[in-house]
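The values are calculated or read from the model by the stated rules, or taken from the named source; none is laboratory data. On a predicted model such as this, the values are computed, not experimentally measured, just so you know. Positions of Cβ are generated from backbone atoms using ideal geometry, with glycine treated the same way; all protein chains shown enter the neighbour counts. Side chains included, ligands, DNA and RNA excluded: accessible areas come from the protein's heavy atoms. Shrake-Rupley method; radii C 1.70, N 1.55, O 1.52, S 1.80 Å.
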Amino acid sequence: MSPTHSPPRGFLSPIRALPIVRSVLAALRARRELRALPGQIDDIDLYARLRSPAAPGSLDERTWRDLDMDAVFARIDRASSGVGQQVLYDLLRHPARDWTELAERDAGVRRLAERPAARQAIAEAPRLFLLLLPIVAINIVVQGYYGPNVQHLLPPLAALRGLLAAGRRLGEVPLLAEDPAVGELATRCRSLRWLGRLTSSLVHEAGGNELADTLMAYANLLFLLDVNAFVFSIELIRRNRQAMVAVFEQAGRLDAFCAVAELREDLPFWCVPEASAAPTDGGLDATQLLGEGVYHPLLADAVPNDLRPEGRSLLITGSNMAGKTTYLRAMGVAAVLGQALATCPARAWRGPLVEVRTFIDRQDDLLEGRSYFMVEAEVMGGLLSAAAERGPHLFILDELFRGTNTRERIAASAGVLAFMGHGGHLCLVATHDVELAELLGERWTAWHFREEVEEAGVRFDYSIRPGVSSAPNALRILSRTGYPEAVMARAFEIYEAR
């Protein structure tokens, strides 16, 4: 076993001065917070958070949870590596902000979709995707700060050589030779070859030759070979930090795009979003969005529906289980996947690029002493602030102000929605309050889902239709479940009188 060496006094000061150290404590706090949140994916989302945790247009935590994007990511993820998973997750977190960026993502996927053998070569690149570079860099610093000796830091550093070697080999694959992303990756890896050679000497793994192991142990004891190699490696990392991040991103994108190419093959049908811009107040109008045959990719037998706002926001009514919330989520997921992966689960999707914001799931916060209604009020306040900004936004809202009485709920909802329906934003709102259809005016149009109450039970077709839901199906469903006749007679009497 090789002896270890305690670092000299002040030895770690240069490490603490590296640019990445400034984000280490924040990253560790973020990881603790993520573990405390239900449904989050630990480690896979760390790269996205470190790169640009609050970039314009990125999906906020509420929207991510409302659209169940962890499950969507799991459905999409066919990456053969941790690097590819992290980059794929980052693409979902940060949808394209312009059509040029979206076209580049689509082109990268198409190049690999047309060459299955090239995808196989990427998946089999030796040890390329066993390394999570941002985590390795953080481990270097964290272990250096807390670790008792340099030896504990050597394995993460030595792992870099696998990344660099595989990047160079990808450039030698004939099927990938013409891909500009692969060529740039190979060039960068060749430029970092000295780092690869240096890290290859950092760790001496004990083998079957006892004499060689003993000699290496004494050489380390006399000349501090591992410590010196470590110091030189840290300096090379400091000087080439941006190049290594670029290697990580380029390698990860190749794997992520392979995953998207396989996703496209697996979906029943899909489309690339098309631009269709209509100006309003000097900007773009999200109410010009058009979605044809949109479906939710997590549902095995999803019923496709259209999105046809035709210049107005949508108020969607219908009974529970009829399909309102699924429709909302399907439209939100379609917008995100279309802009993030240039792969929209729909037959057609046309319109401007939008920022998606949602308010679907909610609960009170007992630890903070906030009621259900206070949580609603605070979240809606934030969405109103977003609506005051230049759009276009796609706001997806389910049952506003359900934490208060009917009269105040309708009044507050009407005021909020009238404000949010301006400024080129598109609002998709599900509600049981059909009275809102008469209060919101010409900037809104009503659509509904319905069900058929039959002797054998209730049948849903999950298809959206124009107009307001008006049939008292909820009462009819109750009457089919064995409620006393006197109860149902009084309920129908009150319903007819209102």
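Structure notes:
- Picking from residues in segment 328-354 that are in contact with a Phe, Trp or Tyr (Cβ under 8 Å, 6 or more places away or on another chain) and open to solvent by 10 Å² or more (accessible area, probe 1.4 Å), the one that is nearest to His393 (Cα to Cα) is Leu353.
- Restricting segment 352-364 to residues that are out of contact with any Asp or Glu (no Cβ under 8 Å at 6 or more places or on another chain) and not charged (D, E, K, R), the residue that is modelled with the lowest pLDDT: Gln363
- Ser80 being modelled with pLDDT of 50 or more, among the polar types (S, T, N, Q) and touching a helix residue (DSSP H, G or I) at 6+ places or on another chain (Cβ under 6 Å): yes
- Comparison of Glu378, Glu452 shows that the only residue that is at pLDDT below 90, touching a strand residue (DSSP E or B) at 6+ places or on another chain (Cβ under 8 Å), part of a strand (DSSP E or B) and open to solvent by 70 Å² or more (accessible area, probe 1.4 Å) is Glu452.
- If you go through segment 310-326 and keep only what is under 16 Å from Val356 (Cα atoms) and open to solvent by less than 10 Å² (accessible area, probe 1.4 Å), you end up with Ser313, Leu314.
- Residue that is of a type in the set (A, V, I, L, M), part of a loop (DSSP other than H, G, I, E, B), loosely packed, with under 15 Cβ neighbours inside 10 Å and modelled with pLDDT of 90 or more, where the choices are Leu367, Leu384, Leu299: Leu299
- Residues of segment 387-445 that turn out to be closer than 25 Å to Thr326 by Cα, among the acidic types (Asp, Glu), open to solvent by 40 Å² or more (accessible area, probe 1.4 Å) and not in a loop (DSSP other than H, G, I, E, B), as a count: 1
- In this structure, Ser479 qualifies as of a type in the set (Ser, Thr, Tyr) and free of Cβ contacts under 8 Å to residues at least 12 places away in the same chain.
- Test result for Ser470, free of Cβ contacts under 8 Å to residues at least 60 places away in the same chain, open to solvent by 60 Å² or more (accessible area, probe 1.4 Å) and farther than 30 Å from Gly351 by Cα: yes
- Yes/no for Phe492 being out of contact with any strand residue (DSSP E or B) (no Cβ under 7 Å at 6 or more places or on another chain) and either open to solvent by less than 30 Å² (accessible area, probe 1.4 Å) or of a type in the set (A, V, I, L, M, F, W, C) (or both): yes
- Within the set Ala256, Ala261, Ala286, Ala278, the sole residue that is hydrophobic (A, V, I, L, M, F, W, C), at pLDDT below 90 and either more than 30 Å from Met420 (Cα to Cα) or in contact with a strand residue (DSSP E or B) (Cβ under 9 Å, 6 or more places away or on another chain) (or both) turns out to be Ala278.
- Residue check for Ala118: hydrophobic (A, V, I, L, M, F, W, C), surrounded by 18 or more Cβ atoms within 10 Å (Cβ to Cβ) and not in a helix (DSSP H, G or I): no
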